[in-house]
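Engineer: Got a structure here, written out as structure tokens. Questions coming.
The values are calculated or read from the model by the stated rules, or taken from the named source; none is laboratory data. What you see is a predicted model, and the numbers here were worked out from it, not measured in a lab. Methodologically, a virtual Cβ is constructed for each residue, glycine included, from the backbone with ideal geometry; neighbour enumeration extends over all protein chains shown.
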Amino acid sequence: MKSSYEIDDIKNLIFKKQNILFALIILIIFFIDRISKINVINNFSENSYFINSFTNLDLIWNVGIGFGFLSTDSNLIYGLITLFIALVILMLIYVLILSNNLDKLIYSMIIGGAIGNFYDRLMFKAVPDFIDLHYNNFHWFTFNVADIFITVGIMIFILRSFFVKN
């Protein structure tokens, strides 16, 4: 059994002022993602929207994970993947709490995007992807705003590991 001293230490660690700030960043990213997806779902469900010669908005429902990998019609596999994603998000939140400020920013970006896509998995049983980048007939994977934050967070994490010494 944990003593009240240990529980107080855990509460103090979680509710540090800087952790509240990064929780706010996570919420902002989540809401930016939600607003973008709601607008696309309400306005582009049937048609592709031309933006310029290399970008379209085209709503695609992704039942897999990033870039459509592991797409399946199996409810069991979908549920297991969703459970795994939930566990990864919880692990990232734990790591964020223990991290320094630069890493907290990186994890906040990844968590904010991951929670955005996780929400869609729970509510719609699929993630709406809609940003279609292409050059002539070559199309990159269709993605969404949450994917941008996840990808940028991972790229900063990788670059940090090369250039910032612990």
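Engineer: Looking at the range 48-164, what helices (runs of 4 or more DSSP H) fall wholly within it and have at least 1 residues that are acidic (Asp, Glu)?
Structural biologist: Working: elements: 75-98, 101-124, 145-163.
Per the criteria, 101-124, 145-163.
Engineer: Which one is farthest from the chain's Cα centre (by Cα) among residues in the range 116-166 that are farther than 23 Å from Phe44 by Cα and in contact (Cβ under 8 Å) with a residue 60 or more places away in the chain? Can you show your working first?
Structural biologist: Step one: list which residues in the range 116-166 are farther than 23 Å from Phe44 by Cα, which gives 150-166.
Still in the running and in contact (Cβ under 8 Å) with a residue 60 or more places away in the chain: 150, 164.
On the way: Ile150: 5, Val164: 24 Å.
Checking each candidate, the answer is Val164.
Engineer: Which one of these is within 22 Å of Ser36 (Cα to Cα), in contact with a strand residue (DSSP E or B) (Cβ under 7 Å, 6 or more places away or on another chain) and β-branched (Val, Ile, Thr): Ile110, Ile148, Ile106, Ile60?
Structural biologist: Numbers: Ile110 fails: in contact with a strand residue (DSSP E or B) (Cβ under 7 Å, 6 or more places away or on another chain); Ile148 fails: in contact with a strand residue (DSSP E or B) (Cβ under 7 Å, 6 or more places away or on another chain); Ile106 fails: in contact with a strand residue (DSSP E or B) (Cβ under 7 Å, 6 or more places away or on another chain).
It is Ile60.
Engineer: Could you please let me know if Phe15 is closer than 25 Å to Gly153 by Cβ, of a type in the set (A, V, I, L, M, F, W, C) and either at pLDDT 85 or above or more than 25 Å from the chain's Cα centre (by Cα) (or both)?
Structural biologist: On the way: closer than 25 Å to Gly153 by Cβ: yes; of a type in the set (A, V, I, L, M, F, W, C): yes; either at pLDDT 85 or above or more than 25 Å from the chain's Cα centre (by Cα) (or both): no.
Here the answer is no, as Phe15 does not meet what is asked.
Engineer: Within the range 44-60, restricting attention to residues that are closer than 16 Å to Phe124 by Cα and surrounded by 15 or more Cβ atoms within 10 Å (Cβ to Cβ), which residue is modelled with the highest pLDDT? Walk me through how you get there before you give the answer.
Structural biologist: Here is the first cut: in the range 44-60, the ones closer than 16 Å to Phe124 by Cα are 45, 59-60.
Restricting the remaining residues to those that are surrounded by 15 or more Cβ atoms within 10 Å (Cβ to Cβ) gives 59-60.
Values: Leu59: 91, Ile60: 88.
Among those residues, the one meeting the criterion is Leu59.
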